[in-house]
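In what follows, a single structure is set out as structure tokens and then discussed.
The values are calculated or read from the model by the stated rules, or taken from the named source; none is laboratory data. Being a predicted model, the structure only gives us computed values, none of them experimental. In this analysis, Cβ positions are derived from the backbone assuming ideal geometry, glycine residues included, and neighbour counts consider all displayed protein chains. Accessible surface is based on the protein model in full, side chains and every heavy atom, while ligands, DNA and RNA are left aside. Shrake-Rupley method; radii C 1.70, N 1.55, O 1.52, S 1.80 Å.
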Amino acid sequence: MRYLTDRKRATGMGSAKTGTEHFWAMKVSSVGLLVLIPLFLLTFGPILGSDYETMAAYYAKPFPAIVAALTIVVAFMHFKDGVQVLIEDYVHGLAQKILIIAMICLSYAAAATGVFAIAKLAL
């Protein structure tokens with residue numbers, strides 16, 4: 001009978017690879033969103049329902065534009081990490097790889113579109 005340590009039994013069984021990285025990315029983005037969402041609501045709420053000229057003048061100020069852009073970027077990166085973990089848990093094989101790539105592309109495209117819209121309003 002062989003006496004194996006826990007580490008020796010786990011060797012060769014595969015590694016977690018990026019599990020810790022995903023965990024910390026989700027925690028950091030969650031804390032970031034805890035700060036950014038109330039700031040976004042406080043900056044976006046008063047201007048809601050205004051006409052385009054008023055909205056453009058409001059987002060020409062740096063603080064509301066930066067808060068909105070940061071909220072969009074952090075929210076979509078949080079979404080990307082969350083959906084990736086969800087797909088890894090429930091989808092397997094080639095479909096898993098295709099869905100992960102599609103969701104990453106969709107997340108980056110949506111974040112870029114949101115930041116472009118804020119930049120267009122601000123400039």
- [ ] For the range 14-31, state whether one or more residues are at pLDDT below 95 and among the aromatic types (Phe, Trp, Tyr).
- [x] yes
- [ ] Would you mind telling me which numbered condition in (1) within 28 Å of Gln84 (Cβ to Cβ); (2) modelled with pLDDT of 95 or more; (3) more than 15 Å from the chain's Cα centre (by Cα) Phe63 fails?
- [x] (1)
Open item on the list: Given the criterion without any contact (Cβ under 8 Å) to a residue 24 or more places away in the chain, surrounded by fewer than 17 Cβ atoms within 10 Å (Cβ to Cβ) and closer than 24 Å to Val28 by Cβ, identify the matching residue among Thr54, Thr113.
Closed with: Thr113
- [ ] Could you run through the range 66-99 and say how many residues are more than 10 Å from the chain's Cα centre (by Cα), free of Cβ contacts under 8 Å to residues at least 40 places away in the same chain and buried (at least 17 other Cβ atoms within 10 Å of the Cβ)?
- [x] 4
TODO: Could you pull out the residue among Leu36, Leu48 that is modelled with pLDDT of 95 or more, under 30 Å from Lys120 (Cβ atoms) and within 26 Å of the chain's Cα centre (by Cα)?
DONE: Leu36
Task: Selection within the range 28-48 - open to solvent by 40 Å² or more (accessible area, probe 1.4 Å) and among the aliphatic types (A, V, I, L, M) - done: Val28, Val31, Leu34, Val35, Ile37, Leu39, Leu41, Leu42, Leu48
